[in-house]
Each structure stands twice: as structure tokens, then as C-alpha cells.
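Here the structure comes first, spelled out in C-alpha cells, and everything after it is commentary.
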Amino acid sequence: MNAKPMFLTLGLYLLAMTLAASAPRASWFEAHTTGAKTLTLQGAAEFGPGAGTPAEAPFVLTLGAESPTGAVVFTRPDGRRPGPGVYPLDADGPAMIHALVVTGSPTHPTGAFQARQGTLTITRSREDHLEGRFDIDAVGFEAATPDDEGSVIVVRGAFTASPSARSGR
């Protein structure tokens, strides 16, 4: 094989890979639950400031806000976007990030579960992109039996999120 065409092809391939790596990725998430409910959750993923004044708004990562099977919402009260790293989840402690899992659709929720432990792992954090995975051990209730607040689910998933429309991007 001629060396010049091979190097040209290799150079074009490397350029294409570099451009693909820097291009914005589509927003998505997927998670699987076990325990009181066995579900696959899928949908769009977005992040940005939550409700409140700009100085007091928490940072919110919403996975599946419009999903018919459920959503996962992570909240960081101090309002800062998390950088790469592993963040513990703890409903009763001084966790920097809290998590809520809601099963069912936005118009017909079938359960609500608060993280009691777990981790949110951020693998990439940029102004226009947030990527990672999570493991959540959550306790809560199912809509059919709201008095039983001891139902447990385990949720594992991954996401690639884009800024929300509210974030001004």
C-alpha cells in the first residue's frame, strides 16, 4: 500500500474522530430498577438551575421528566454544577446531592422513592454537557399503597445531559 494515501486516510480519520468527540451529544438516560418495582426508565436528560432566585436556586439534573415509565431527579442545594467525581447520596445526612425517583408518567405517577444511599458519578462536566452514571438505594411508597412508606427499590443507570431551556443556553 502506498504510504501517502494511507497517512492521508489516517489523518482524515483522526480529524473526524476529534470533531465527533467535541460535538454535542444527544440528551438521554436509561436506568433499571429492582426491588419493589422492576422497570426500565428511559428518556431525555437535562440540567440547570431549579426554582428560586438565581442566588438561591439549586442545581438540578432531571432524567426523564416526560418519560411514561418514570424519572430520576438529582438536586444539589448549593447551586453548583458538579465536576467529575463520585458524589454520595444520603437522605438523612449532609449529602451534597439528593435524589428522588418517581415511577409512572408525569400525569399518572405510580410511586415516589427518596435515595437513602448510593452514588452519582460524574464522568464529564462542561457548561454544555454533563455525563455520568448512578446507583441509588431508595425507599418510599407506591401510589396503590401510600401508607406503606417502606418499599425499597435499587436504581442503576447512566446519562448524557444537555442544559435545560431555563439555563439560558
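The values are calculated or read from the model by the stated rules, or taken from the named source; none is laboratory data. Please read these numbers as outputs of a predicted model, since none were measured by experiment. No Cβ is skipped: glycine too gets one built from the backbone with ideal geometry, and neighbour counts run over all protein chains shown.
Some points to look at:
- Test: Phe74 is at pLDDT 95 or above and either touching a helix residue (DSSP H, G or I) at 6+ places or on another chain (Cβ under 9 Å) or aromatic (Phe, Trp, Tyr) (or both): yes
- With a requirement of 2 or more residues that are modelled with pLDDT of 50 or more, of a type in the set (S, T, N, Q) and closer than 19 Å to Phe159 by Cβ, the strands (runs of 3 or more DSSP E) lying completely within the range 1-58 that satisfy it span 28-35, 40-43.
- Selection from the range 65-109 of residues that are in contact (Cβ under 8 Å) with a residue 60 or more places away in the chain and β-branched (Val, Ile, Thr): Val72, Val101, Thr103
- Checking each residue in the range 59-91 for being among the hydrophobic types (A, V, I, L, M, F, W, C), in a loop (DSSP other than H, G, I, E, B) and more than 21 Å from Val139 (Cβ to Cβ) picks out only Ala65.
- In the range 66-91, the residue that is farthest from Glu127 (Cα to Cα) out of those that are surrounded by fewer than 16 Cβ atoms within 10 Å (Cβ to Cβ) and in contact with a Ser or Thr (Cβ under 9 Å, 6 or more places away or on another chain) is Pro68.
- Listed by position, the strands (runs of 3 or more DSSP E) enclosed by the range 93-169 that each have at least 1 residues that are more than 17 Å from His32 (Cα to Cα), under 13 Å from the mean Cα position of the chain (by Cα) and of a type in the set (Asp, Glu) are 129-142.
- Consider the range 99-144 and keep the residues that are of a type in the set (S, T, N, Q) and more than 13 Å from Tyr87 (Cα to Cα). The one that is surrounded by the fewest Cβ atoms within 10 Å (Cβ to Cβ) is Thr107.
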